[in-house]
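Here the structure comes first, spelled out in structure tokens, and everything after it is commentary.
The values are calculated or read from the model by the stated rules, or taken from the named source; none is laboratory data. All of these numbers come straight from a predicted model, not from anything done at the bench. Cβ placement follows ideal geometry from the backbone for every residue including glycine, while neighbour counts extend to all protein chains displayed.
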Amino acid sequence: MDRTRHFLSIADWSTDRLIEVLDLADRLKVDPTAAGQPLIGKTLAMIFAKSSTRTRVSFEVGTQQLGGQALFLSSRDVQLGRGEPIADTARVLSRYVHGIMIRTFEQEDVEGLAKHGSIPVINGLTDLLHPCQIMADLQTIREEFGPSLQDVTVAWVGDGCNMANSWLNAARKLGFSIRLACPEGYDPDEDILSSAREVSSVKLFREPGEAASGAQVVTTDVWVSMGQEEEAAERARAFEGYHVDEKMMSGAAEDAIFLHCLPAHRGEEVADEVIEGSQSRVWDEAENRLHAQKAILTTLMG
């Protein structure tokens, strides 16, 4: 399988290609018609095993702006929800549509669609990775600090989740420094962490203030993701002290910004004063999902 025909992980694409996509996203933000309408006559199937606001709306609007149409498919709408093998779904959808975006639990489902289908597959989120969100985040950082990311330090505060894993993949490819503050037992994926450490400046802390100190970007996510609801009380205890508040932000770089992929649980992983404060760029970040994903769609399906 040629992984570059898909967007399964940031780690699959070359540094040059990632930068080209980010450059295109910047142009599309200034001029939504900059790429023309390369998806005329094409359909994107959007499979949602996990619900979403930003992923659904940004992909659907983006596909339409590029001249194509997006087809929403929940687990109740397709036979995957009744146990059809992922390989069978991949083969069938490949006969009907021109690309698939899937937001689901298992990374293996995304990999299976790409392996058995004959059309591009985009990872809209899995429990392991969230590459589309990171592309929007990188676009937001470049808007603030310039196109070169190599002098930027990103501080991740919280769970070593799909976002943390994707930040590590991005650091590995684009050369910025990343500091992660995770409680014991909640570290990122071991293989992804090891691969990033081979080529990037990666540091793992147990004290969030140490990770945030002097960083240009401070970012976090909810402590309890979809599918982890039964762990809520245990996680609340584990993440005590990992709350991003004004004190933590004051220890970051003077020009530091705050990012959050949303939805946010205000008062838990982030203080209301931070997400609504002058350092917050979460609304620009959310908007950039549209532009970054239009660039990905153009690259893969255009």
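Tabulated data
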| quantity | calculated |
| --- | --- |
| Test: residue in segment 129-142 that is part of a loop (DSSP other than H, G, I, E, B), under 26 Å from Glu184 (Cβ atoms) and at pLDDT 95 or above | yes |
| Subset of segment 65-91 [exposed (fewer than 15 other Cβ atoms within 10 Å of the Cβ) and of a type in the set (A, V, I, L, M)] | Ala87 |
| Pair list, Cβ under 7 Å, 6 or more apart: segment 87-112 residue within 15 Å of Leu44 (Cβ to Cβ), other residue in a helix (DSSP H, G or I) and among the aromatic types (Phe, Trp, Tyr) | Met101/Phe59 |
| Residue tally, condition among the polar types (S, T, N, Q) and in contact with a helix residue (DSSP H, G or I) (Cβ under 7 Å, 6 or more places away or on another chain), over segment 56-74 | 4 |
| Which numbered condition Gln228 fails, given (1) more than 24 Å from Thr140 (Cα to Cα); (2) touching a residue at least 12 places away in the same chain (Cβ under 8 Å); (3) polar (S, T, N, Q) | (2) |
| Matching residues, segment 143-155, being in contact with a strand residue (DSSP E or B) (Cβ under 6 Å, 6 or more places away or on another chain) and in a helix (DSSP H, G or I) | Glu144 |
| Positions within segment 119-139 being among the β-branched types (Val, Ile, Thr) and either in contact with a Ser or Thr (Cβ under 7 Å, 6 or more places away or on another chain) or closer than 18 Å to Trp283 by Cα (or both), in sequence order | Ile119, Thr126, Ile134 |
